[in-house]
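To start, the structure itself, in structure tokens.
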Amino acid sequence: MTDEERDEQFYRDTESVAFPKLDDHQLSLLEPLGQRRVLKRGDVVLKAGQRDMGLTIILRGEIQVFEQRDGTEQLLATGHERDFLGDVAMLQGTSALATAFVTSDEAEILHVPAAELRRALAEIPGVSSTIVNALIMRRRRLNRDREFAGFRVVAADDDRDGHQIDDFLDKNHIPHRLVDLASDQGRELSKRFRLTNRDLPTLITPSGSPLRRPSLREVAQAAGLQRPLARDNETEILSDLTIVGAGPAGLAAAVYAGSEGLNTVVLESYAPGGQAGSSSLIENFFGFPTGVSGGDLTWLAQLQAYRFGAKFSTPAEALSLRYNADDEYRACIEIEGCPAILRAKAVLIATGANYRRLEAENREKFESLGVYYAATALEGQICRNETVIVAGAGNSAGQAAMFLSDGARQVLLVVRGDDLAKNMSDYLSRRVEAQNNIDILYRTEIRRMSGNQKLEEVELGNTQTGERQIIRTPAVFSMIGARPCTEWLPSEIERDDKGFIKTGAAVADAPAWRASKQQPTPLETSLPGIFAAGDVRSGSVKRCAAAVGEGGMAVAGIQMTLASQDKAKNDG
């Protein structure tokens, strides 16, 4: 079966899920939440770039959805009675990717505002499952549409900044295309928008506006990823819980905290998912007998957290944390690029850990141009029918090697030690060892990288024999251990000798706890009300499922802390 035939089969199989008709009962539940409107032909219902657009239900008439593409309108869908408009941008609060307007002489709609829609999705199961499943399926269909453009990144093939924007949008699940300046489409867009080399990379939004040499912050604003947490002239933002980091632990905590009604803010410095989000296939996660990609798992978790009202902002890097035990809002967090201070009754530190950089000559030159820290479909395209190198001996390295072996001619797994099973799950190490086109090079390290504009060659050295060899390759995947992201924290938060955060019994003798009548909960740090979960925590099991469990467990402790704060306030 060809790719086109598979796509056609997928569209047929998912039609009923993606475009359900709302029944009388569902309409009756939504009617009190919205407002009826009568519209005329040509009236715009939804505009590309719009945010917080709410839900539009067609009661009569016809509405068509278009993508505005280089001065033309490409039809995406046609809605009639009992249909509703939108995709997951409605859940995320990100920017609409298309424009919709009335194409019949007259139409009547029921418009449910975004805030009421989120409440309905959290509180009305009879409506939420139908709508959420439809929105998710529509996005999946859109991602398979070879004609749909979404955001377009125009860049030269060797443009590091262009590849970073491509990676940022990909990891944040924003539909887009990377357009090579030298291609026919690239030349056409360059002519249309009068782009020069000084303008590249250029981001073209779904509304047709070009952003020349945008920063990641500007890209995030255009896509609707960076939410304005503070209103105009606000100097403080208040929350029950602020979660710093949206890996598996942070996402799990956001789901549980949101479902418990806590005012929850999630700050993520690059893209939700953490290291798990870059895993091509997680095969030992509970409930997925055939495995699940880390990107899909964490994306669905984020949508679930959105559904329960958690507020995300990306990129939003926490710069510092201040603590005041006498304040109702105990922690103040300074955010890069945000004029307001985020004050929180409780904080969960779930910043995880970053992969260490290879100590190889010229490595910096090839960051994002041959050196990668994730193995997803985006990177997999580069490796088809090539020899590629994976450095590392943990589960992430094993998962990357297995994923890449499906399309690469050969995968070289470079391991500094002499035992793969020491740090890798048994099932995975046995699978890697049995894969025909994976070769494991023990006691080996990467010494040097070379190439013109992109990575072309890598020199490997055997640490025992001194033997060296040159490998021609377009890609090295570095997964060689992690360093906790804790530099921004105050010294009062105790850490172990490797920089990971201590919690529970390990901090019971900390000054703040000695002055307290209570004992720290298992995931509470040396400052009461400040918690840590996932890979950043000292003693944690570095597995996705363990991080998810810690995120949920942290929320239980956070609820106890908030309850004790409320009791102390009332007693006072």
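The values are calculated or read from the model by the stated rules, or taken from the named source; none is laboratory data. Small disclaimer: the values here were computed from a predicted structure and weren't measured. Cβ: placed from backbone, ideal geometry, glycine included. Neighbour counts: every protein chain shown. For the accessible areas, the whole protein counts, side chains as well, though only heavy atoms, and no ligand, DNA or RNA atoms are used. Shrake-Rupley method; radii C 1.70, N 1.55, O 1.52, S 1.80 Å.
For the stretch 148-176, give me the residue count where each residue is out of contact with any helix residue (DSSP H, G or I) (no Cβ under 9 Å at 6 or more places or on another chain) and not in a loop (DSSP other than H, G, I, E, B).
Residues meeting the conditions: 4.
Among the numbered criteria (1) of a type in the set (D, E, K, R); (2) over 24 Å from PHE66 (Cβ atoms); (3) touching a residue at least 24 places away in the same chain (Cβ under 8 Å); (4) surrounded by fewer than 19 Cβ atoms within 10 Å (Cβ to Cβ), which one does ARG177 miss?
Unmet for ARG177, out of (1) of a type in the set (D, E, K, R); (2) over 24 Å from PHE66 (Cβ atoms); (3) touching a residue at least 24 places away in the same chain (Cβ under 8 Å); (4) surrounded by fewer than 19 Cβ atoms within 10 Å (Cβ to Cβ): (2).
Say whether the condition of being crowded, with 24+ Cβ neighbours inside 10 Å, among the hydroxyl-bearing types (Ser, Thr, Tyr) and out of contact with any Cys (no Cβ under 7 Å at 6 or more places or on another chain) is met by at least one residue in the stretch 208-225.
no
Restrict the check to the stretch 227-250 and report whether at least one residue is under 27 Å from THR99 (Cβ atoms) and in contact (Cβ under 8 Å) with a residue 60 or more places away in the chain. So that I can check it myself, show each step before the final result.
Restricting attention to the stretch 227-250, the residues satisfying the condition of being under 27 Å from THR99 (Cβ atoms) are 227-228.
Pick out the ones that are also in contact (Cβ under 8 Å) with a residue 60 or more places away in the chain and you get 227.
There is at least one residue in the stretch 227-250 that is under 27 Å from THR99 (Cβ atoms) and in contact (Cβ under 8 Å) with a residue 60 or more places away in the chain.
If we keep just the residues of the stretch 267-315 that are at pLDDT 90 or above and among the β-branched types (Val, Ile, Thr), which is surrounded by the fewest Cβ atoms within 10 Å (Cβ to Cβ)?
So the residue we want is THR314.
Which one is most open to solvent (accessible area, probe 1.4 Å), of the residues in the stretch 148-164 that are in contact (Cβ under 8 Å) with a residue 40 or more places away in the chain and in contact with a Pro (Cβ under 6 Å, 6 or more places away or on another chain)?
ASP161
State whether one or more residues within the stretch 229-245 are in a helix (DSSP H, G or I) and either of a type in the set (A, V, I, L, M) or in contact with an Asp or Glu (Cβ under 9 Å, 6 or more places away or on another chain) (or both). So that I can check it myself, show each step before the final result.
Quick first cut of the stretch 229-245, residues in a helix (DSSP H, G or I) only: none.
So far as the stretch 229-245 goes, no, none of its residues is in a helix (DSSP H, G or I) and either of a type in the set (A, V, I, L, M) or in contact with an Asp or Glu (Cβ under 9 Å, 6 or more places away or on another chain) (or both).
Per-residue answers, yes or no, for (1) more than 30 Å from ASN423 (Cα to Cα); (2) hydroxyl-bearing (Ser, Thr, Tyr); (3) open to solvent by 40 Å² or more (accessible area, probe 1.4 Å):
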{"site": "ALA512", "(1), (2), (3)": "yes, no, no"}
{"site": "SER526", "(1), (2), (3)": "no, yes, no"}
{"site": "PHE531", "(1), (2), (3)": "no, no, no"}
{"site": "ALA547", "(1), (2), (3)": "no, no, no"}
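Considering every residue within the stretch 415-425, establish whether at least one is closer than 23 Å to GLN164 by Cβ and either part of a loop (DSSP other than H, G, I, E, B) or among the hydrophobic types (A, V, I, L, M, F, W, C) (or both). Working first, answer last.
First, the residues of the stretch 415-425 that are closer than 23 Å to GLN164 by Cβ: none.
No, the stretch 415-425 has no match at all.
What pairs come up if the first residue lies in the stretch 116-131 and is over 10 Å from GLN26 (Cα atoms), the second is surrounded by 15 or more Cβ atoms within 10 Å (Cβ to Cβ) and of a type in the set (S, T, N, Q), and their beta carbons are under 6 Å apart, counting only those six or more places apart or on different chains?
LEU121/SER128
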